[in-house]
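The values are calculated or read from the model by the stated rules, or taken from the named source; none is laboratory data. Predicted model only: the values in this text are computed from it and were never measured. Here the Cβ positions follow ideal geometry from the backbone for every residue, glycine too, while neighbour counts run over all protein chains shown.
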């Protein structure tokens, strides 16, 4: 049954609501509303929603039939169960026209109320109102313009869901002319956007171009409202999108802070609830294995492969290869072809020139070398024939062909990676010696006067004088600048070591002669210091403690006030029970130690001048002691045995560290003025540099000498160190130690000197630096002392 009045009323109501929406939002024009067909809703942008249904006003036909399904849905939403059945159009009676006008007026006045029609059956028993609600077209809203349609929190209709393909990658439709399907199953065609020129013209002419975005689901341009733009700006500035949101609202404690222990159910969960699905696990493991093996690839990998193939371009192959191209065997990877036989030369010709034929002498030589296994010039005798028909068959053809096939079969061919390493690349890049100056470059002064080998030399703290001890039993005091011998002290024995007191307020030298240590005042230099030294060491100080018998048996103090030795400047004599090899002062000048390699557990004795007593720091021998020295900054004492170096803390009386040299025999040790590095010379021709903060093993091993290294020394001010050896060489090296602990020391050999002669397989015996200048002194077995500047 046709319902013209109802259709007419609905058209008027829809048109009035659409006009109201145009006046409010100014997004959809009246011309667009009137001129569009039933598909108007699908072509509107997302923000331009109309608050009422828009019917087809272009059609003047008032006899438009009303869909009965629409009434059925409305009746079901109203909860009227009696109207769920089909309502025959013949059984419907319409109310008066006045009631229709009143219902239309009420619906126009109050948008929240639905258009209603009273329907009653012919028998007059049932009577209800069927709301003429609008179709749930996606992207439209039924709320009045004056009220927020999202006030209840339901924002599901915020999205334009005309495209029913779901949440899938939109690039699946790149190869099609449509972008999805609508609710009726029709294709949603991709709109034409034009080329870059059209986009540019739109950008110039359209004032709202800057606020348009493209909907990915529909492919259409959507005009953003001021509210949307405001939200985007707030998001870009890291603010909350809602302006009405209160950041500092009072805290609402949704959950109680008290722990309430109560079960959610009366029975515990089943064990199956905590186990993952085995079928899903098998599928996932299968996919993972396929990805690892390369059987399955991701979209990203496939795109990368396609892009690589496009960049590579088409591949061309030669149909006929030339002779210079090696044949490749497909079944063998990286096949190496067999080497070809060399081409025959003139000597293998059947009619060779005369100069290629053997004479009698060459024939005898070939016969002698015939049975030899060495490489021969020719393995045959060249022969001359008049024509090719006269050439006989080659006797060794089958054997040589067999041997070649055997070589090709038995000798494998493989590609070897050839390393092209230049010898210069293996040498570390070191700075130029010219950039590391100053350092000694020439032998300036020779100090001659000793008649036997000079074992030890020492320079006073001021750098003006030098003392030297030799096997001839004399200790000479030299003036460094002039090379003149100022004094000579003679002792009955071999002077093995001499050490100048580092204190600039005292004039005192320790000399080791056989089993005695003499403390000598050389009486040169400042007279005040000479008198002060005589006054301090005139008498032995008062002993408030009893000397242990163990120490008293090892050393006895003897103060001299007269006699021949006193006239030479000897103030104190320390009598030891074994031969003394080395003496050295503490950097403060109050302590001096004496080293006796044969003294076992009393091989090292430390003497204190201010109290006039001695002590043995070690009760047990750790090996044959070769050398020792004081630490320049800490109360440490370093003792070197044949293979190892031990560092002791004299205050705590414990061993701090043990250094492993991996050498056969240590000859000398010295500590860097900074205190963190150690230099060791060995009789097995090596110089070891230790970084005490880094490791207990050598940081650098320098093999600079060809024979045993006798002595090593650091400079106190400059980054220099030196080593002397029995190969008659003195080597000066640059050794820069940085304050940055992360930067390793820089070691560069600089200069090599050879200014001493060899006597009885001995050459240079000792080396020491000037305390202030970049000068170095060496003493040798030839009895000379050389200054290098």
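Looking only at residues of the range 747-758 that are touching a residue at least 60 places away in the same chain (Cβ under 8 Å) and assigned to a strand (DSSP E or B), we find that the one that is surrounded by the fewest Cβ atoms within 10 Å (Cβ to Cβ) is 748.
Looking only at residues in the range 504-534 that are assigned to a loop (DSSP other than H, G, I, E, B), more than 20 Å from residue 580 (Cβ to Cβ) and touching a strand residue (DSSP E or B) at 6+ places or on another chain (Cβ under 8 Å), which one is modelled with the lowest pLDDT?
The residue in question is 525.
Residue count for the range 404-433 satisfying the condition of being surrounded by 10 or more Cβ atoms within 10 Å (Cβ to Cβ) and either farther than 28 Å from residue 750 by Cβ or touching a helix residue (DSSP H, G or I) at 6+ places or on another chain (Cβ under 7 Å) (or both): 6. The strands (runs of 3 or more DSSP E) found entirely in the range 177-271 that carry 2 or more residues being touching a residue at least 24 places away in the same chain (Cβ under 8 Å) are 178-181, 221-223.
For the range 217-269, the set of residues classified as surrounded by fewer than 10 Cβ atoms within 10 Å (Cβ to Cβ) and either within 45 Å of the chain's Cα centre (by Cα) or at positive phi (or both) consists of 236, 237, 238, 247, listed by residue number. Among all positions in the range 648-655, there is no residue which is at positive phi and in contact (Cβ under 8 Å) with a residue 40 or more places away in the chain. For residue 311, the criteria (1) touching a residue at least 12 places away in the same chain (Cβ under 8 Å); (2) in a helix (DSSP H, G or I); (3) farther than 28 Å from residue 165 by Cβ hold in every case but one, which is (1). Annotation: residue 761 fulfils all but one of (1) modelled with pLDDT under 90; (2) surrounded by 15 or more Cβ atoms within 10 Å (Cβ to Cβ); the unmet one is (2). One residue alone among 687, 671 is over 23 Å from residue 433 (Cα atoms), free of Cβ contacts under 8 Å to residues at least 60 places away in the same chain and either in contact with a helix residue (DSSP H, G or I) (Cβ under 8 Å, 6 or more places away or on another chain) or surrounded by 22 or more Cβ atoms within 10 Å (Cβ to Cβ) (or both), and that residue is 671.
Any residue at all in the range 482-496 that's under 21 Å from residue 561 (Cβ atoms), touching a helix residue (DSSP H, G or I) at 6+ places or on another chain (Cβ under 7 Å) and modelled with pLDDT of 90 or more?
Taking the range 482-496 and keeping what is under 21 Å from residue 561 (Cβ atoms), we get 487, 489-492.
Still in the list and also touching a helix residue (DSSP H, G or I) at 6+ places or on another chain (Cβ under 7 Å): none.
No.
Quick one: is residue 773 in the same structural domain as residue 676 (by TED's automatic domain parsing), assigned to a loop (DSSP other than H, G, I, E, B), in contact with a strand residue (DSSP E or B) (Cβ under 7 Å, 6 or more places away or on another chain) and modelled with pLDDT of 90 or more? So residue 773 does not fit the description; no.
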